[in-house]
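Structure first, commentary second.
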Amino acid sequence: MPSKLRPFEISRTGSAVLLGAVVLYVAGVAFGYEQLVVIAAGGLLVLVVAIGFVSVRPKVRVTREFQPSSVVAGQSAAAVMGVTNLSSLPSPTFRVADRVGNRDIELPIRVLRAGGTALVQYPLPTERRGRVGLGPLRIVRTDPFDLLRRRSPAGGLDVLWVHPRTWPLSPLPAGVIVDFEGPISETGTEGSLTFSSLREYVAGDDRRQIHWRSSARAGVLMVRRNVDANEPRATVVLDTRSSVWAGDTFEDGVEVAASAIRALAGMGHPVDLRILGERGQDPRYEGAITPSDRLAAVEVDPDATATGLYSLLQSAQEGGSLVVVTGRVDVAIEAQLTNENQRYAPIVLCCVDPARSPHWQRRSGVSVVMGRSAPAVAEAWNELFGH
């Protein structure tokens, strides 16, 4: 690992040359050996020449492109780096470094003619789900002896989302519908006769929906917002407590949650994903847009508790189906879900337990599907709901 000699980085070889030159110079002066002084001066001269090499920054523009911006774990993905020489003279040889996840990839760039462009392709890591940060890009100059190195920024920050794998799941039966006057959902389909809320009038709104009494009180035109209370919906909750996951089973749990979301969304249900311990300002989720993005970034939370899971269930919007994904059968969680029968139907508890073979049970209105892996849980799910 090279040590830093700002604004340069000096390698171990460079450090040895510098130290040797100093030692030889001191010994030569102390003992009167001019030859040692000459050798020391030669070493320092080599370092000065190296500084000259690395000080020349090529005048280039560096870009990175990759498609798609998200993949499923195991699928291949690659980035293409474009380097264009903006100078009227040929560029020197150099390297371009890209920070990919937690490692650096350095790509050699040969001499570029004036105005010339080089394209270099390199693979991106997709073996495991996650949020893979790309960049910053840096131009790297080294000397012929690899004594010194200089890096200069070239921009280029991106994110590759590696989504969890999914397994085919049979559709769930139609969920219970909660139909009442009052706020239903901000994501509900507008246009039905169920009143949800009032909002300020905007150009193009149906004037028949103006609520004149509220408009007079507010001083601005207010319109009624109606939603479709009969629209089916679903909630998927992922338990992230470290105490319920053994080994790598959490990865299988994430795949089960992703599979459930895919199956429910395929039925036309709007799906609300709830992750225990998820915080909006967590940098892991920066740039996450879809539930698959959030599942790509999720990790086991050592601070998550059963009380937090209960609160998460209570705060979820009632109505429709509820799928809870956890690591092992928890009697207390089952009892809590039994109490939710008036708010959701059906309720499915998915447990990824290495000690359980694929099977399912129905207990007090809760369907429990178990298996030692995500495919095993999918097998039990399909056996229960596949008819």
Output the 0 to 90 degree angle, nearest 10, between the alpha-carbon long axis of helix 306-315 and the longest principal axis computed from the alpha carbons of the chain. 60 degrees
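Using a 1.4 angstrom probe on the protein heavy atoms only, line up TYR344, TYR33, TYR201 by accessible area, largest first.
On the way: TYR344 0, TYR33 125, TYR201 55 Å².
Putting TYR344, TYR33, TYR201 in descending order of accessible area: TYR33, TYR201, TYR344.
Using unit Cβ charges (K, R positive; D, E negative) and no other charged atoms, how large, in debye to the nearest 20, is the dipole of the range 242-339 about its Cα centre? Present the calculation step by step, with values, prior to reporting the outcome.
Details: 6 positive and 15 negative charges, 49 e Å.
It comes to approximately 240 debye.
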Under the definition of Cα pairs under 8 Å and six or more residues apart, what whole-number percent is the relative contact order of the chain? 13 percent
Helix 12-31: angle to the longest alpha-carbon principal axis of the chain, degrees 0 to 90, nearest 10? 30 degrees
Please report the carbon-and-sulfur percent of the accessible area for the range 84-175; probe 1.4 Å, protein heavy atoms only, DNA, RNA and ligands left out. 54 percent
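With both bridge residues required to lie in the chain, what share of the DSSP beta bridges run antiparallel, to the nearest 5%? Show your work: numbers first, answer last.
Numbers: 55 of 80 bridges.
Percentage antiparallel, nearest 5: 70.
For the chain, give the magnitude of the charge dipole about the Cα centre (Cβ charges: +1 Lys/Arg, -1 Asp/Glu; no others), in debye to the nearest 20.
Numbers: 41 positive and 39 negative charges, 311 e Å.
I would put it at about 1500 debye.
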Antiparallel as a % of all DSSP beta bridges within the range 254-387, to the nearest 5? 30 percent
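Expressed as a whole percentage, what fraction of the accessible surface of the range 285-387 belongs to carbon and sulfur atoms when a 1.4 Å probe is rolled over the protein heavy atoms? Show your work: numbers first, answer last.
Numbers: 2160 of 4350 Å².
About 50 percent, which is the carbon plus sulfur part of the accessible surface.
Show me 157-170, 119-132 ranked by packing, highest mean number of other Cβ atoms within 10 Å first. If you can, show how the numbers build up before the last one.
Values: 157-170: 19.1, 119-132: 15.6.
Those peptides, ordered most packed to least, come out 157-170, 119-132.
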Amide H to amide H, which residues 5 or more places from ARG199 or on other chains are under 5 Å from it, using H placed in the peptide plane? VAL223, ARG225
Can you tell me the order of 234-246, 280-292 when each peptide is scored by its average per-residue count of other Cβ atoms within 10 angstrom, highest first? 234-246, 280-292
Pick from GLN75, GLN35, GLN314 the residue whose mean-square fluctuation is largest in a GNM of the chain, springs joining Cα atoms under 10 Å. GLN35
Quick check: Cα centre of the range 20-57 to Cα centre of the range 309-325, how many Å? 71 Å
Amide H contacts under 5 Å for VAL237, restricted to residues at least 5 apart in sequence or on another chain and with H modeled in the peptide plane, are ARG274, VAL323, VAL324, VAL325
Just to verify a number: what accessible area does MET267 come out at with the full protein assembly present, 1.4 Å probe, Å² rounded to tens? 60 Å²
I want to check the label-to-label distance for TYR310 and SER243. Put each point 7 Å from Cα in the C-beta direction and report it in nm to one decimal. 1.2 nm
With θ set to phi - 60° and the Karplus curve 6.51 cos²θ - 1.76 cosθ + 1.60, what are the ³J(HN,Hα) couplings of the range 326-335 in order, to the nearest whole Hz, using x for Gly and Pro? 9, x, 8, 5, 10, 4, 5, 5, 4, 5
³J(HN,Hα) computed for each position of the range 119-128 - Karplus, 6.51 cos²θ - 1.76 cosθ + 1.60, integer Hz, glycine/proline x: 10, 10, 9, 8, x, 10, x, 10, 5, 10
How do the peptides 85-93, 58-66 rank, highest first, by the average count of neighbouring beta carbon atoms within 10 Å per residue? 58-66, 85-93
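Counting each DSSP H run of 4 or more residues in the chain as -39500 (n - 2.57), what helix-only mean residue ellipticity at 222 nm follows after dividing by all residues, to the nearest 500 deg cm²/dmol?
Numbers: 8 runs with 104 residues, N = 387.
Helix contribution divided over all residues of the chain: -8500 deg cm²/dmol.
The values are calculated or read from the model by the stated rules, or taken from the named source; none is laboratory data. For clarity, every value in this text was computed on a predicted model and none was experimentally measured. With ideal geometry, Cβ positions are generated from the backbone for all residues, glycine too; neighbour counts draw on all protein chains shown. Only protein heavy atoms, including side chains, enter the accessible area calculation; ligands, DNA and RNA are left aside. Shrake-Rupley method; radii C 1.70, N 1.55, O 1.52, S 1.80 Å.
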